[in-house]
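Notes follow once the structure below has been shown.
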Amino acid sequence: EKARHIVELIEGVAGSLRTRTVLDIGTGSGHIASYLARHAGSLVSVDLVDERLEYDFEFRQVTSELLPFDAAGFDVVISNHAVEHVNDQRMHLEEIQRVVRPGGVCYMATPNRWRLIEPHFRLPLLWYCNVDSKPFIAGLFDLMRQEHSDNGNAVRFWAYLDLMGMPREFYLDH
């Protein structure tokens, strides 16, 4: 369902993916990459950890936000719920900007940190708590972060206003 929605959104902006080169950042289980691979001209998916349950697409394991691809090598770059997991979010955005061709499309999704139920830990009102002044909540949060980290990369959340405060150079429509 999510993969179909991503394809529909991108095709609504860029036209058919059938002839497009696509980069998927943050493979996870591979369900979305697998669906995209069936609709794109070509697809490469990258992640720090290989946790794929699907294997019908090209996968490359990476060691950081630096992408092992030439500049302007992709028509479409997808970062679906990946930016909140990376250590250097600025570098993540710079690399997306570097590898997407001029006139290309970037699809980026991230959880809204102001949601009532936090999606990674599934706790209500987590971001409304002041963890610095509440030792119990802070200890619980530290424990959860350790259990739900990707190679030590803690989950981070951006709200809509955080994204709007992103430096203008990362907007790919200029």
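Take the residues in region 48-75 that are touching a residue at least 24 places away in the same chain (Cβ under 8 Å) and aliphatic (A, V, I, L, M), then tell me which one is surrounded by the most Cβ atoms within 10 Å (Cβ to Cβ). For region 48-75, the residue satisfying everything is LEU67. The set of residues from region 17-52 being of a type in the set (S, T, N, Q), more than 20 Å from ALA72 (Cβ to Cβ) and out of contact with any Leu (no Cβ under 8 Å at 6 or more places or on another chain) comprises THR27, SER34. For region 1-20, how many residues meet the condition of being more than 15 Å from the chain's Cα centre (by Cα) and open to solvent by 40 Å² or more (accessible area, probe 1.4 Å)? Total meeting the criteria: 12.
Of everything in region 1-25 that's without any contact (Cβ under 8 Å) to a residue 60 or more places away in the chain and touching a strand residue (DSSP E or B) at 6+ places or on another chain (Cβ under 6 Å), which residue is nearest to PHE59 (Cα to Cα)? Here the answer is ASP24. Restricting LEU48, LEU53, LEU43 to those that are more than 17 Å from CYS106 (Cβ to Cβ) and more than 15 Å from the chain's Cα centre (by Cα) reduces the list to LEU53. When region 95-104 is filtered for residues that are out of contact with any Phe, Trp or Tyr (no Cβ under 8 Å at 6 or more places or on another chain), open to solvent by less than 70 Å² (accessible area, probe 1.4 Å) and not in a helix (DSSP H, G or I), only GLY103 remains.
The set of residues in region 76-88 being open to solvent by 30 Å² or more (accessible area, probe 1.4 Å) and either in contact (Cβ under 8 Å) with a residue 60 or more places away in the chain or in contact with a Leu (Cβ under 6 Å, 6 or more places away or on another chain) (or both) consists of HIS85, ASN87.
The values are calculated or read from the model by the stated rules, or taken from the named source; none is laboratory data. The structure presented is a predicted model; accordingly, all values stated were derived computationally and were not measured. Positions of Cβ are generated from backbone atoms using ideal geometry, with glycine treated the same way; all protein chains shown enter the neighbour counts. Heavy atoms of the whole protein, side chains included, go into the accessibility calculation; ligands, DNA and RNA do not. Shrake-Rupley method; radii C 1.70, N 1.55, O 1.52, S 1.80 Å.
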